[in-house]
Amino acid sequence: IRSEEAVSDDSSRHGGRVRGFPHERGSWATHVYLPHRAQEEFLELLELMLCRARTYVPSLAAMEEFHLSLSQCVVLRYHWIGPFVRSLKERLAAFHRFFCVADQVKVYTNQNKTRTFIGLEVSAGHFQLLELVSEVDRVLEEFDLPTFYKDPSFHISLAWCVGDLSGRLDGQCLRELQDIVDRFEDSALLLRVQWEEIRCKSGNKYFSFPLR
């Protein structure tokens, strides 16, 4: 497992986003996900979508990195990180690389409605994702942590804003964004994503689990 140290947490870099839970010493925010490295064309498509969406919600900001979540953000005690990562490694070792198609524009809010997101929902590859989640869930259960949402909507978040502005983005805006995606050159190829590794971020540490 590769481990990389990341920069320290600084709320000013989060554009004023609110933490979903209080930060305690010795407790680490932890998240399991599939990272997506955006190609130039993906960023071009995102720019077109943002230009249109900002006519409805000017405060929308592009995500700085892209991923598909396999867990909620949970809180791990520091001394659990090693055992948690080892357990993940064992459970995920058998999984092979696979493709997803993420081409359905959808609007999301986080659980406490402090943020709104525009994402691309997966329309193919759902079964493999559910298999991964069931293994991640089993690790979470070992540590008495909340499992992933039942019947999840797997997606790659593209942009976000503070507050619940889903009402402005759903409907007409959403239809226009889907139209941009559907008409974009080579969108079928572009939005077929191959997953090559799973990552776990815990506090400022990253752990990587390559898929076979």
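The values are calculated or read from the model by the stated rules, or taken from the named source; none is laboratory data. Predicted model only: the values in this text are computed from it and were never measured. Positions of Cβ are generated from backbone atoms using ideal geometry, with glycine treated the same way; all protein chains shown enter the neighbour counts. Surface accessibility is based on the protein's heavy atoms, side chains included, excluding ligands, DNA and RNA. Shrake-Rupley method; radii C 1.70, N 1.55, O 1.52, S 1.80 Å.
Which is in a strand (DSSP E or B) and touching a residue at least 12 places away in the same chain (Cβ under 8 Å), of Leu46, Leu50, Leu76?
Leu76
Inside region 191-206, can you point out the residues that are assigned to a strand (DSSP E or B) and either without any contact (Cβ under 8 Å) to a residue 24 or more places away in the chain or open to solvent by 30 Å² or more (accessible area, probe 1.4 Å) (or both)?
Arg192, Gln194, Arg199, Lys201, Lys205, Tyr206
Which strands (runs of 3 or more DSSP E) sit wholly inside region 82-190 and have at least 2 residues that are open to solvent by 20 Å² or more (accessible area, probe 1.4 Å) and farther than 28 Å from Asn204 by Cβ?
98-109, 115-124
Output the number of the condition that Trp28 fails; it satisfies all remaining conditions of (1) in a loop (DSSP other than H, G, I, E, B); (2) surrounded by 12 or more Cβ atoms within 10 Å (Cβ to Cβ); (3) modelled with pLDDT of 95 or more; (4) not hydroxyl-bearing (Ser, Thr, Tyr).
(1)
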